[in-house]
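*Asks:* Structure below; questions to follow.
The values are calculated or read from the model by the stated rules, or taken from the named source; none is laboratory data. Given the structure is predicted, the values throughout are model-derived calculations rather than measurements. Every residue, glycine as well, gets a Cβ built from its backbone with ideal geometry; the counts of neighbours run over all protein chains shown. Accessible surface areas use protein heavy atoms only, side chains included; no ligands, DNA or RNA. Shrake-Rupley method; radii C 1.70, N 1.55, O 1.52, S 1.80 Å.
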Amino acid sequence: MEQATNSIERKKTEQAANSIVFLAFVLLFFASPGVADPLTYNVLNYGAKPDDNFDSTQALVAAWTLACGSINPATIYVPPGRFLVRNVVFRGQCKTNGIVFRIDGTLVAPSDYKVIGSTGNWLFFEHVNGVSIYGGILHGQGTGLWTCKRSAKGCPSGERSLGFSNSRSIEIRGLTSLNSQMYHIVINGCNNVKVEGVRVSASGNSPNTDGIHVQSSSGVTILNTRIGTGDDCVSVGPGTNNLWIEKVACGPGHGISIGSLGKEVEEAGVQNVTVKTVAFTGTENGVRIKSWGRQSSGFARNILFQHAVMTDVQNPIVIDQHYCPDEKSCPGQVSGVKISDVTYQDIHGTSATEVAVKFDCSSEYPCSNIRLEDVKLTYRNKAAEASCSNADGTASGFVQPSSCL
């Protein structure tokens, strides 16, 4: 009996030891560098204060320096409150490929536009990989500079509120950008970028305040975003390919624009762009392609505009290849940008002008393979008009105004 009891005790001891060994293995596995819990750097711990009059720039820089130097994923946390921040450059190459900015508060630019108005950028990321920005408000305090530009000369050009350059695997989610001095969000020279659930807001007469500008980038997606501003809601610059824009509400603003293209003689083209399920309200343009009226090697091709609703839009569908602001450096020339394979599918709504569809293409390089499919645009409860110059293509389904292609 005693031997049996000892045998049972030994088995229990062995089972307990095995359980401890297994538990230690599990803890060791989940504590390994590849799956470590992210480190959190709260900007309050580095001197930031939620006070409009206290400069928290260096606290943000200190948090970034630590996060960028970590070999593990890291989070920079901005708690509720308003934090005054001057212009900052967040530079890679970081040791980690996962840095999250979790913003529950508001980052506020200096109220005096002269402080950062000549820097070009307010919050600028370059050569970073795997950076995400979740939530928060960026307040550019741009109204003073707008007033200066409308009433005086010698004003600084202004800053872009948020910029990413030469970076990859970027995510911007749930961010609000208010009253940027110039562009709100700029994506330049980047790969694999996702912008979702973003809100951009500025006055309808604020100059050069594009909502989101994409240039020289590939694999950019913009989803579920609302933009009201004084310039293009989304602008697409040279060198952009594989761009997807879906479920975007635009207004006020100048619409979603590919271009302007062709400013430079040697210039990369734009291709493989999809714009779908979008709504325009009271905007200057709806879906637009524009190029400078001068020689260039640029092009725009393989572009789809699909499922768009227009409400009192001045130019719902427009291609303008005679763009020449201030009539400088281009009068008397023709655009060298080649536009081809552009489809307008399921475009409905109302035009604020009689001509709802306007294709004003280059006489030297006419637009080719333009397709209108199921388009219905009215002007004052009657059929609108269409105007074509140097454009070739087809129409199918119900198309109103009657196609001029």
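*Asks:* Could you do me a favour and compute the accessible area per residue for the chain, 1.4 Å probe, result in Å²? Don't jump to the answer; show the numbers that get you there.
*Replies:* Details: 18100 Å² over 405 residues.
With the other protein chains kept in place, the chain gives 45 Å² per residue.
*Asks:* Next question, about the same structure. Could you calculate the contour length gain from residue 241 to residue 203, that is, 0.36 nm times the residue separation minus the distance between their Cα atoms, to one decimal place in nm? Can you show the working numbers first?
*Replies:* Numbers: separation 38, 0.36 × 38 = 13.68 nm, distance 2.99 nm.
Separation in residues times 0.36 nm, less the Cα-Cα distance, equals 10.7 nm.
*Asks:* Continuing with this model, one more query. For the full complex of protein chains and a 1.4 angstrom probe, list 338, 328 by accessible area with the highest value first.
*Replies:* Details: 338 90, 328 130 Å².
Accessible-area ranking of 338, 328, largest first: 328, 338.
*Asks:* Between residue 328 and residue 86, what is the FRET efficiency for a Förster distance of 30 Å, r being their Cβ-Cβ separation, to the nearest 0.05? Could you put the intermediate results ahead of the total?
*Replies:* Values: r = 34 Å, r/R0 = 1.14.
That gives a FRET efficiency of 0.30.
*Asks:* Moving on to the next point. Can you pull the percent of segment 42-231's accessible area that's carbon plus sulfur, 1.4 Å probe, other chains left in place?
*Replies:* Details: 3350 of 7380 Å².
Whole-percent figure for carbon plus sulfur exposure: 45.
*Asks:* Specify which residue in the list 125, 279, 165 is farthest towards the positive end of the charge dipole of the chain, using unit charges on the beta carbon of Lys, Arg (+1) and Asp, Glu (-1), about the Cα centre.
*Replies:* 125
*Asks:* Sticking with this one: Identify, among 202, 252, 400, the residue whose Cα sits farthest towards the positive end of the charge dipole of the chain, taking +1 on the Cβ of Lys and Arg and -1 on the Cβ of Asp and Glu, with the dipole about the Cα centre.
*Replies:* Of the listed residues, the answer is 202.
*Asks:* Please name whichever of 295, 56, 389 sits farthest to the positive end of the charge dipole of the chain, dipole taken about the Cα centre and charges placed at Cβ: Lys and Arg +1, Asp and Glu -1.
*Replies:* Comparing the listed Cα positions along the dipole, 56 ranks first.
*Asks:* Ordering 371, 173 by accessible area with a probe of 1.4 Å, largest first, what comes out? Intermediate values should be presented prior to the final figure.
*Replies:* Numbers: 371 65, 173 95 Å².
Of 371, 173, the descending order of accessible area is 173, 371.
*Asks:* Using a Gaussian network for the chain with springs between C-alpha atoms less than 10 Å apart, which of these wobbles most: 144, 293, 259?
*Replies:* Ranking 144, 293, 259 by mean-square fluctuation puts 144 first.
*Asks:* Would you tell me the accessible area of residue 148, worked out with a 1.4 angstrom probe on the heavy atoms of the protein chains, in Å² to the nearest 10?
*Replies:* 20 Å²
*Asks:* Still on this model: Based on Cβ point charges of +1 for Lys and Arg and -1 for Asp and Glu, what charge dipole magnitude is obtained for the chain about its Cα centre, in debye rounded to the nearest 20? Could the numbers behind the result be given before it?
*Replies:* Working: 33 positive and 34 negative charges, 90 e Å.
Using only the charged Cβ atoms, the result is roughly 440 debye.
*Asks:* For residue 376, go through the lysines and keep the ones whose alpha-carbon is under 25 Å away, minus same-chain ones fewer than eight residues off.
*Replies:* 247, 276, 290, 358
*Asks:* Further question: Specify which labelled value, from (i) 193; (ii) 134; (iii) 247, agrees with volume of the Cα convex hull per residue in Å³ derived from the coordinates of the model shown.
*Replies:* Answer label, from the structure shown: (i).
*Asks:* Oh, and also: Tell me, how many Å apart are the Cα centres for segment 121-137 and for segment 281-321?
*Replies:* Here the two parts' Cα centres lie 29 Å apart.
*Asks:* If R0 is 41 Å, what FRET efficiency do you get for residue 194 and residue 382 from their C-beta distance, rounded to 0.05? Mind dumping the intermediate values first?
*Replies:* Numbers: r = 42 Å, r/R0 = 1.02.
That gives a FRET efficiency of 0.45.
*Asks:* Still on this structure, I have one more. Are there cysteines in the chain with no second cysteine's Cβ under 4.7 Å away, and if so, which?
*Replies:* 190
*Asks:* Moving on to the next point. Which value, in debye to the nearest 20, describes the size of the charge dipole of segment 129-276 about its Cα centre when Lys and Arg Cβ atoms bear +1, Asp and Glu Cβ atoms bear -1, and nothing else is charged?
*Replies:* 360 debye
*Asks:* With just the Cα atoms defining each centre, how far is segment 221-255 from segment 51-113? Give it in Å.
*Replies:* Between the Cα centres of segment 221-255 and segment 51-113 lies a distance of 26 Å.
*Asks:* Still on this structure: Give the calculated FRET efficiency between residue 97 and residue 295 to the nearest 0.05, with a Förster radius of 56 Å applied to their Cβ-Cβ distance. Intermediate values should be presented prior to the final figure.
*Replies:* On the way: r = 42 Å, r/R0 = 0.76.
That gives a FRET efficiency of 0.85.
*Asks:* Taking the Cα centre of each part, how many Å lie between segment 338-405 and segment 147-166?
*Replies:* Their Cα centres are 35 Å away from one another.
*Asks:* Using helices alone, I'd like the mean residue ellipticity at 222 nm for the chain: each DSSP H run of four-plus residues gives -39500 (n - 2.57), total over residue count, nearest 500. Kindly include the intermediate steps, with their values, before the conclusion.
*Replies:* Details: 3 runs with 51 residues, N = 405.
About -4000 deg cm²/dmol.
*Asks:* With +1 assigned to the C-beta of every Lys and Arg and -1 to the C-beta of every Asp and Glu, and no other charges, what is the dipole magnitude of segment 248-369 about the Cα centre in debye, to the nearest 20?
*Replies:* Working: 9 positive and 13 negative charges, 40 e Å.
The dipole magnitude comes to about 180 debye.
*Asks:* Let me ask another. What are the radius of gyration and Dmax of segment 70-222, computed over its Cα atoms and given in Å?
*Replies:* 15.1, 51
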